[in-house]
Amino acid sequence: MTGFFITLEGGDGSGKSTQARLLAEWCENRGREVVFSREPGGTELGVKLRELVLHSTGYMTPRTEALLYAADRAQNIATVVRPALERGAVVIQDRYIDSSVAYQGAGRVLGADEIRALSMWATENLVPDLTIVLDLDPEAGRTRLDASRTRFDRLESEKNEFHERVRAAYLHMAAEDPQRFIVIDAALPPADIHAAIIARIVDIVEATAR
């Protein structure tokens, strides 16, 4: 049995958590071990880093932010993701390197190549087998978040121009690497989004179970 690494990406409010849960249930119903993780916050150390990078209210430089995300990512891959893949699990993760390329590289204008290189070093070049981008207009995402937000979030609170740059970066990455990326309209009903994901992965997941 071969491990399989799936990441979910997209703007804030695009429904990644819902789709991760539905996908995990689908894989488990087919006898696969599923490990769910998220960035930031997939490890004990990551929970502390998540609090710093998302919910601290003091000024944080863009480079500091990028380094904190890379530190979280290094710990998560080394202690959670690689061990799970090595024992043949399906790893479903909410955000990964592409988030940093979009949010820090494009959103913070630090440069996509520099941010990708930092994260590739942190993860020892681990690339997902499949990346699902849930594409949603930033205004629609903000409306969803306003209805459910319970605390301050540094990235969610950024202006619309920031989130437009993030969205454009995701779509650019997907266009550059269609073998790894699948882009789905996140304004669709959750059941339709789930069906589109399953249509893409069903043959791969069944093949890696042998």
Put in order of increasing Cβ neighbours within 10 Å, starting from the fewest, Lys159, Lys48, Lys16 give Lys159, Lys48, Lys16
Built amide H within the under 5 Å cut-off of Asp12, gap 5+:
none
Everything considered on the Cα gyration tensor (a ≥ b ≥ c; rounded for a/c under 1.5, else prolate if a/b is larger than b/c, else oblate), region 65-210 must be described as oblate
In whole Hz, with x marking every Gly and Pro, tabulate ³J(HN,Hα) for region 47-58 from phi via Karplus 6.51 cos²θ - 1.76 cosθ + 1.60, θ = phi - 60°.
4, 5, 5, 4, 4, 5, 7, 9, 10, 6, 9, x
Could you tell me the calculated FRET efficiency between Arg87 and Gln179, based on Cβ-Cβ distance and R0 = 22 angstrom, to the nearest 0.05?
0.30
Run the numbers for Ala71 and Leu145: contour at 0.36 nm per residue of separation, minus the present Cα-Cα distance, in nm.
24.0 nm
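Sort Arg116, Arg73, Arg30 so that the residue with the fewest other Cβ atoms within 10 Å of its own Cβ comes first and the one with the most comes last. Before the final figure, lay out each step's value.
Values: Arg116 16, Arg73 27, Arg30 13.
Listed from fewest to most nearby Cβ atoms, that is Arg30, Arg116, Arg73.
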Give me, ordered by chain and number, the residues 5 or more places off Gln93 or on other chains with an amide H under 5 Å from its own placed amide H.
Ile6, Thr7, Leu8, Ser37
Cut-off under 5 Å, modelled amide H: who pairs with Phe181 long-range
Thr131
Give the relative contact order (percent, whole number) for region 4-208; include only Cα pairs under 8 Å separated by 6+ residues.
32
Ranked list, fewest to most other Cβ atoms within 10 Å of each Cβ, for His55, His163
His55, His163
For the chain, what is the mean residue ellipticity at 222 nm derived from helices alone (per DSSP H run of n ≥ 4: -39500 (n - 2.57); sum divided by total residues; nearest 500 deg cm²/dmol)?
-16000 deg cm²/dmol
Net lengthening on full extension, Glu114/Lys48 (0.36 nm per residue, minus Cα-Cα):
21.3 nm
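None of the figures in this text is laboratory data; all of them are computed from the coordinates on show. As the structure is a computational prediction, the values presented were derived from the model and not from experiment. So basically every Cβ, Gly included, is an ideal-geometry build from the backbone, and we count neighbours across all protein chains shown.
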